[in-house]
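J.: Right, I'll just put the structure down here and ask away after.
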Amino acid sequence: MSVRVRFAPSPTGSMHIGNVRTAIYNYLFAKAQGGEFIVRIEDTDLVRSGQEFEQNLLLDLKWLGLEIDEGPETPGEYGPYRQSERGDFYSKYAQQLLDHRQAFYCFCSEEEIAQRREERREKGESLHYDGRCRHLSDDEVKRRRDGGEGAVVRFLAPQKDFHLKDVVRGDVAFPDGMIGDFVIMRESGMPVYNFCCVIDDWKMKITHVIRGEDHLPNTVRQLMIYQALEVTPPIFAHASLLVGEDRQKLSKRHGVTSLAAFRDLSFLPQTMINYLVLLGWSHPDERVIMSKDELETIFTLERMHKAPALFDLAKMRWMNGQQLKLLSPEEQLKVVTGWIKADHQFHQEKHQWQMSFLSLFLDKIEMEDDLTDHLDLIFATAPVASSEEQPELEELNALESTGQMRSYLAAELSRLKQQGSEFVPVEAFSGWTSYFKQELKIKGKPLFKGMRLILTGRISGGDLSALVPITPIDVLLARVS
Ligand code: GLU
């Protein structure tokens with residue numbers, strides 16, 4: 001049977017990276033197996049669900065490059081793909097469970113249940129639903145419902161041990177007594193997640209359910225429903241928990257957690273995929289930098305691990321730089337250009353100049369915020385040196401040789417400008433160095449650091465002979481004067 005997996009987000013907000021990882025795992029598994037990647041919108045919570053959230057979710061998946069085989073916008077033969085449109089399925093199977101006495105109408109109000117639970121707590125008894133409506137006669141149920149009394153449909157939870165054979169976690173035991181009778185249809189007629197999930201996974205012919213381990217308590221309820229319907233459950237793979245530095249479940253408290261926020265910080269889709277896949281899965285040869293194409297061929301559920309995965313922003317940042325380097329030069333330029341404000345001088349420069357800028361700084365660029373410093377080095381007329389550089393900078397400035405070089409360079413730059421040059425020719429730069437060495441007898445630190453100080457305002461940085469030819473002469477003139 002061909003593999004069919006689904007990503008089943010609830011459209012209640014911006015996509016959390018835990019969910020992004022789930023989507024990635026499902027997608028990669030489908031690709032690696034030649035199967036189908038299905039998106040099902042779990043929007044039965046009408047209050048919290050929103051059309052704009054669904055739209056954003058679909059756009060997020062598109063941005064990541066996770067192509068959807070079947071979903072709300074590309075329906076296949078197992079639709080509809082929004083739970084809010086699948087009500088007939090849920091009613092039909094809720095009725096079947098009621099008919100088979102595997103579910104029952106329950107008229108207890110939430111207040112009554114809470115009060116009785118309190119009494120049971122005091123007596124040290126089980127806190128599950130106490131079964132009051134479990135054995136009401138059909139006549140009584142009919143009479144009360146006809147009389148307009150509201151009722152939920154409660155699933156009659158079998159009192160026995162359940163076992164899950166999870167691909168990631170091995171045998172998971174759910175001992176008898178863990179779960180009481182639970183609601184599958186609300187009084188409003190709206191179904192509850194655990195019930196819809198089973199009906200949909202079954203009806204959509206889902207073969208594997210890959211999701212976070214926080215769903216394990218749901219899984220036992222779902223296994224119960226599968227058993228009641230006499231349906232073989234899909235294969236389950238529960239991915240490890242994502243944790244922050246404090247080893248607690250990753251949440252807003254740890255900082256940025258939504259895909260949109262990571263995108264705004266300039267993380268590339270390739271980085272999101274590469275980084276998140278490694279939080280809970282590893283390459284057979286422990287490789288770290290991988291493209292989406294590669295992952296689509298090598299991803300296996302067997303290499304998912306159950307140990308909690310530590311989310312490390314610094315590592316993700318490093319990986320962004322690595323992923324940037326995997327792109328072609330033109331793609332790199334497109335990405336980097338997109339990171340620079342629209343009104344920046346950078347955009348006025350020629351393509352060739354932009355490529356030179358990129359090749360000079362590429363090794364030092366991981367994220368958008370790295371660029372400011374490099375751009376300043378080229379465009380700021382009065383670059384700010386760091387406070388650590390200050391003492392050495394003053395010492396160099398006081399040297400006679402620095403003064404000599406400054407006057408010479410000011411004259412040279414004015415001459416070049418008068419000739420109509422916008423940039424310093426590469427030969428001119430090497431000519432200056434030779435002149436300072438041979439004619440002025442300046443060498444070593446006073447020469448190299450001195451020139452750097454005069455031309456860039458700083459005493460450290462990348463290759464000066466490459467930096468100067470891409471710095472506008474007007475900027476250099478402002479610096480030397
Ligand atoms: N709607 C559920 C969620 O977003 C889906 C859980 C599942 O994959 O079954 O957590």
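J.: I'm checking my understanding of the structure. Among residues of the stretch 174-195 that are within 14 Å of the ligand (Cβ to nearest atom) and open to solvent by 10 Å² or more (accessible area, probe 1.4 Å), which one is farthest from Phe37 (Cα to Cα)?
T.: Among them, the one singled out is Val192.
J.: Kindly indicate whether Val198 is within 13 Å of the ligand (Cβ to nearest atom) and either out of contact with any His (no Cβ under 7 Å at 6 or more places or on another chain) or open to solvent by less than 10 Å² (accessible area, probe 1.4 Å) (or both).
T.: yes
J.: Across the stretch 235-263, what is the total count of residues that are closer than 17 Å to Lys62 by Cβ and either modelled with pLDDT under 95 or not basic (Lys, Arg) (or both)?
T.: 4
J.: For the stretch 152-163, check the following and say yes or no: at least one residue is in contact (Cβ under 8 Å) with a residue 24 or more places away in the chain and open to solvent by 70 Å² or more (accessible area, probe 1.4 Å).
T.: Within the stretch 152-163 (the criterion being in contact (Cβ under 8 Å) with a residue 24 or more places away in the chain and open to solvent by 70 Å² or more (accessible area, probe 1.4 Å)), the answer is no, since none of the residues qualifies.
J.: Still on this structure, please answer the following. Are any of the residues in the stretch 95-107 touching a Ser or Thr at 6+ places or on another chain (Cβ under 7 Å) and either modelled with pLDDT under 95 or within 25 Å of Ile235 (Cβ to Cβ) (or both)? Steps first, please.
T.: First, pick out the residues of the stretch 95-107 that are touching a Ser or Thr at 6+ places or on another chain (Cβ under 7 Å): none.
No: zero hits.
J.: Can I ask one more? So for the stretch 50-59 (the condition being over 23 Å from Ser291 (Cα atoms), open to solvent by 10 Å² or more (accessible area, probe 1.4 Å), more than 9 Å from the ligand (Cβ to nearest atom) and small (Gly, Ala, Ser)), does at least one residue qualify? Spell out how you get there, then give the answer.
T.: In the first step, residues of the stretch 50-59 are kept if they are over 23 Å from Ser291 (Cα atoms); the result is 50-56.
Retained after the next criterion (residues that are open to solvent by 10 Å² or more (accessible area, probe 1.4 Å)): 50-53, 55-56.
Then keep just the ones that are more than 9 Å from the ligand (Cβ to nearest atom); that gives 50-53, 55-56.
Okay, now just the ones that are also small (Gly, Ala, Ser), so 50.
Yes, the conditions are met somewhere in the stretch 50-59.
J.: Only one of (1) surrounded by fewer than 15 Cβ atoms within 10 Å (Cβ to Cβ); (2) free of Cβ contacts under 8 Å to residues at least 60 places away in the same chain is not met by Tyr129, so which one is it?
T.: It is condition (1) that Tyr129 fails.
J.: Filter the stretch 411-420 down to the residues that are closer than 17 Å to Arg479 by Cα and open to solvent by less than 100 Å² (accessible area, probe 1.4 Å) and list them by number.
T.: Ala411, Glu412, Leu413, Ser414, Leu416, Lys417
J.: Here are some residues: Ser414, Ser401, Ser387. Which one is out of contact with any Leu (no Cβ under 9 Å at 6 or more places or on another chain) and among the small types (Gly, Ala, Ser)? It would help to see each step written out before you state the result.
T.: Details: Ser414 fails: out of contact with any Leu (no Cβ under 9 Å at 6 or more places or on another chain); Ser401 fails: out of contact with any Leu (no Cβ under 9 Å at 6 or more places or on another chain).
Checking each option against the conditions leaves just Ser387.
J.: Which of the residues spanning the stretch 23-43 are surrounded by fewer than 21 Cβ atoms within 10 Å (Cβ to Cβ) and within 14 Å of the ligand (Cβ to nearest atom)?
T.: Selection gives Glu42 alone.
J.: Check Val243, Val220, Val167 and return the single one that is among the aliphatic types (A, V, I, L, M), open to solvent by less than 60 Å² (accessible area, probe 1.4 Å) and within 26 Å of Asp69 (Cα to Cα).
T.: None of the other options fit; the residue is Val167.
J.: Same structure again: Scanning the stretch 7-20 for residues that are open to solvent by less than 10 Å² (accessible area, probe 1.4 Å) and closer than 13 Å to Arg211 by Cβ, which turns out nearest to the ligand (Cβ to nearest atom)?
T.: Residues of the stretch 7-20 that are open to solvent by less than 10 Å² (accessible area, probe 1.4 Å), as a first pass: 7, 9, 11, 15, 17, 20.
Applying the additional criterion that residues be closer than 13 Å to Arg211 by Cβ yields 7, 9, 20.
Details: Phe7: 7, Pro9: 5, Val20: 12 Å.
Looking at the filtered set, the residue picked out is Pro9.
J.: Now for a different question. Which of the residues belonging to the stretch 258-304 are of a type in the set (Asp, Glu) and open to solvent by 40 Å² or more (accessible area, probe 1.4 Å)?
T.: Asp264, Asp285, Glu286, Asp293, Glu294, Glu302
J.: So which helices (runs of 4 or more DSSP H) stay within the stretch 369-481 end to end and still have 3 or more residues that are hydroxyl-bearing (Ser, Thr, Tyr), over 45 Å from the mean Cα position of the chain (by Cα) and over 24 Å from Ser359 (Cα atoms)?
T.: Passing ranges, in order: 400-418.
J.: Further question: Here is a check on your reading of the model: is Leu229 over 33 Å from the mean Cα position of the chain (by Cα), open to solvent by less than 20 Å² (accessible area, probe 1.4 Å) and either within 25 Å of Ile113 (Cβ to Cβ) or more than 16 Å from the ligand (Cβ to nearest atom) (or both)?
T.: yes
J.: Here is a list: Ser407, Ser356, Ser401. Which entry is surrounded by fewer than 15 Cβ atoms within 10 Å (Cβ to Cβ) and not aliphatic (A, V, I, L, M)?
T.: Ser407
J.: Moving on to the next point. Does any residue in the stretch 314-329 that is under 16 Å from Leu64 (Cα atoms) come within less than 7 Å, Cβ to Cβ, of a residue that is open to solvent by 10 Å² or more (accessible area, probe 1.4 Å) and in a helix (DSSP H, G or I) six or more places away or on a different chain, and which pairs are these?
T.: Gln323/Gln270; Leu324/Gln332; Leu324/Val335; Leu327/Val335
The values are calculated or read from the model by the stated rules, or taken from the named source; none is laboratory data. Since we're looking at a predicted model, the values are computed, not measured. Reconstructed Cβ throughout: ideal geometry from the backbone, glycine too, with neighbour counts over all protein chains shown. When the accessible area is computed, the model is the full protein with side chains, heavy atoms only, and any ligands, DNA or RNA have been set aside. Shrake-Rupley method; radii C 1.70, N 1.55, O 1.52, S 1.80 Å.
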